[in-house]
Amino acid sequence: MATLGDIGVAAAFNLLSAFVFFIAFAVLRLQPFNDRVYFPKWYLKGLRTSPASSGAFVRKFVNLDFRSYLKFLNWMPEALKMPELELIDHAGLDSAVYLRIYLIGLKIFVPITIVAWAVLVPVNYTNKTLELQLKNVTSSNIDKLSISNIPLESDRFWTHIVMAYAFTFWTCFVLLKEYEMVASMRLHFLASEKRRPDQFTVLVRNVPPDPDESVSETVEHFFLVNHPDTYLTNQVVCNANKLAKLVKQRKKKQNWLDYYQLKYSRNNAQRPIMKTGFLGLCGQKVDAIEHHEAEIKKLSKEIAEERERVKKDPKAIMPAAFVSFKSRWGAAVCAQTQQSRDPTSWLTEWAPEPCDVYWPNLPIPYVSLAIRRLIMAVAFFFLTFFFIIPIASVQALASIEGLEKVAPFLKPIIDMKFIKSVIQGILPGLALKLFLIFLPTILMIMAKFEGFTSKSSLERRAATRYYLFNLVNVFLGSIVAGSALEQLNTFIKQSANEIPRTIGVAVPLRATFFITYIMVDGWAGIAGEILMLKPLIIYHLKNFFLVKTEKDREEAMDPGSLGFNTGEPQIQLYFLLGLVYAAVTPALLPFIVIFFGLAYVVFRHQIINVYNQEYESAAAFWPDVHGRIIIALLISQVALIGLLTSKKAAQSTPFLIALVVLTIWFYTFCKARYEPAFVRYPLQEAMMKDTLERAREPNLNLKPYLQNAYIHPVFKEEDEEDEFDFKSENESVLVPTKRQSRRSTPAPSRISGASSPSLPPEVVPEHPERAS
């Protein structure tokens, strides 16, 4: 087990590493040739120009102003200067609210840390239980600061119960204020937001088939009948996945062609040669430029043929459509109501904004979504629980005993004091971090298979799965594998009635592992985030080999967006650790506070200068954030109940059960009070925004704005006159129909010529052709 000295050495090592990363970042960001890596957002907004564009040759690459190096940490106060309202305007509400998660961590844990160290640490440390009574259980100096050091049936446990109430009430108070604030920010943001297509558009799925009409005609008919005053236009969903794949392949080939042409232009003496086999390592040698030109020509022909097929083949049209309305109020009514007596048809939901749509999933039949999600639920269950085995194995190896057993020749090196401290303080957390490196990619693939139609919903689903995985494997798995198995030899030699007591003592002893994990995953991870070593290398490689135009340079410096699917579950793990160990092992809390402080400053800098958010969901993820912090509270309370029971303090259990009930009540109150603002759009707000817009622009025509907003991106490359459209350009509000049935038909049919059956028989003339 790691001692206080080992933890101190590891903490000093990690802090020193983070400080070195910060200095490296401070120096690299000042160099002109790195400017587009560390400030890409300002370039994309057109508000920054390259400092390497003028001046002496050396100054184009190296900053020779030595005074700027003296202020190498000035990026920290600069990151904190921008007011929140300006930050929302600059980066969007999603980014601003994401930062508030780190701010909540500071609001919750700074007061808790001060109180816990002032009250609980003295109460825990002034006992000698671990020294006198439990010599047969592996422990460390840091465990003497925990609840494990208090003897059985001690009255001191009431201090922990009171602190548990205080910590819970404070956390709930902060969560209540933040939920209220974020809900208000969301409504204000939606009210003041500029016009966007998704404000007027609804995604309609499970459109019933009609043998006599196309999907577009069916959709137009239905909405003209049921939403006659607000319906405007629709764009049906097509299956263009094959076409998109061909376009992607052509773009890839074009990039290689540009590379070889640039290479040839630099050296005309010899034309570039390539091999056509696997990864260019084998196969026939050919002229690289001619080969890629032929491949691009072939792909262009296939793309043209596939585009025509998608336009003309009825099977390429899916029973779904983006339906746009004349007002936000009309869209809100449609999106939030049931459209048909059959609850499985004409299903409506708010359309994502066009840049948020995940086009490959739109063609997935709606009926298969339930099956896909069941399959992924089963797959995730097995992934989560079978992952415990390799994690436990890696954790066993990532210890002094494990290393000495596998590699006994390293024993002289391992026994060195500094090396031993580094291994015990860093290696377990580092091993776990490396083992989980591919998990986010796996979970995102699973979310895509489930059929979610927006990037934001994909990230939220992947984040939920990542959180559950961390909860089961990183938290519970590490406790079981690291504590219970560590004491297995002791359990075998004990009587059965002693095992629960030993487990109750051993669980909080795992705090030392989580302290190392926070330092490796949290502190070092944040330092790596600000350094951006991988984007830096990739940008310079692309800039040297591929960049020919300014557009190429913009693509090369593309910073990507804030990874909600990976960042938010990581934050939630630290909330869980902080709340669980607040009343058990307060020594862990300062490490949590340092993480939240560093992360807040670093990510504020990154959001202002680097990340360019792909979409804007107006903080739709906040109910998930709130709910997971509540789950962390409940887990901390249940863990404390079990721990006190093992300490023979069962008389205190009713008081903690009452705390669990109060926490659940608080969650239900917040869910009923604030969550509707995140799942429904108030009709009052929609009407107010529509009224203001009509007053400012009385002659506004939304149809040109909305008609092509949700065309598949692969068709937007076509000319305006050839633009892809599946439906008639008839501007009349009375839509002709080919269907034989006249139900819900407000206009004469092309075939029957008859009007709606709701009219009296005497005013419905019989068409002569019907007699035949």
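The values are calculated or read from the model by the stated rules, or taken from the named source; none is laboratory data. Quick caveat, the model's predicted, so the values are computed rather than measured. Positions of Cβ are generated from backbone atoms using ideal geometry, with glycine treated the same way; all protein chains shown enter the neighbour counts. With ligands, DNA and RNA removed, areas are computed over all heavy atoms of the protein, side chains included. Shrake-Rupley method; radii C 1.70, N 1.55, O 1.52, S 1.80 Å.
Observations, loosely collected:
- 15 Å beta-carbon shell around Tyr600, net charge (K/R +1, D/E -1): -1
- Surface calculation, 1.4 Å probe, protein heavy atoms: Leu152 sits at approximately 50 Å² accessible.
- Working note: Karplus 6.51/-1.76/1.60 with θ = phi - 60° gives segment 159-171 the couplings 4, 5, 5, 4, 5, 4, 4, 4, 5, 5, 4, 5, 4 Hz, where Gly and Pro are set to x.
- The largest accessible area among Glu213, Glu302 belongs to the first residue in Glu302, Glu213, and the rest follow in falling order (1.4 Å probe, all chains).
- Residues whose amide H comes within less than 5 Å of that of Val237, counting only those at least five positions distant or on another chain, are Met318, Ala320, Ala321, Phe322 (H built at 1.01 Å from N in the peptide plane).
- The slack in the chain from Cys282 to Arg372, taken as 0.36 nm per residue of separation less the alpha-carbon distance, amounts to 28.5 nm.
- The phi torsions of segment 569-582, fed into the Karplus equation with coefficients 6.51, -1.76 and 1.60 and a -60° offset, translate into couplings of x, 5, 4, 5, 4, 6, 4, 4, 5, x, 6, 5, 8, 4 Hz, rounded to whole numbers, with Gly and Pro shown as x.
- Segment 659-713: C-alpha gyration tensor shape, a/c 1.5 cut-off, then a/b vs b/c: oblate
- A Förster distance of 41 Å, applied to the separation of the beta-carbon atoms of Gln254 and Leu700, puts the FRET efficiency at 0.55.
- In this view, the solvent-accessible surface of Met376, computed with a 1.4 Å probe and all protein chains in place, comes to about 20 Å².
- Once backbone amide H atoms are built at 1.01 Å from N, Ala351 has Thr201, Val202, Leu203 as its partners under 5 Å, excluding neighbours fewer than 5 places away on the same chain.
- Close amide H partners of Leu436, meaning residues 5 or more places away or on another chain with modelled amide H under 5 Å apart, do not exist here.
- Proximal charge balance of Met444 [Cβ under 12 Å; K/R count +1, D/E count -1]: +3
- Probe 1.4 Å - accessible area at Ile371, Å² to nearest ten: 110 Å²
- The 1.4 Å probe gives accessible areas that order Arg309, Arg465, Arg250, largest first, as Arg309, Arg250, Arg465.
- Count Lys and Arg as plus one, Asp and Glu as minus one, and take only other residues whose Cβ is under 13 Å from that of Trp170; the net charge is then +1.
- Segment 197-352 shape via C-alpha gyration tensor axes, a/c threshold 1.5: prolate
- Using R0 = 30 Å, the C-beta based FRET efficiency linking Lys275 and Ile538 works out to 0.75.
- For segment 585-594, Karplus couplings with θ = phi - 60° (6.51, -1.76, 1.60), whole Hz, Gly/Pro x: 9, x, 4, 6, 4, x, 5, 5, 4, 4
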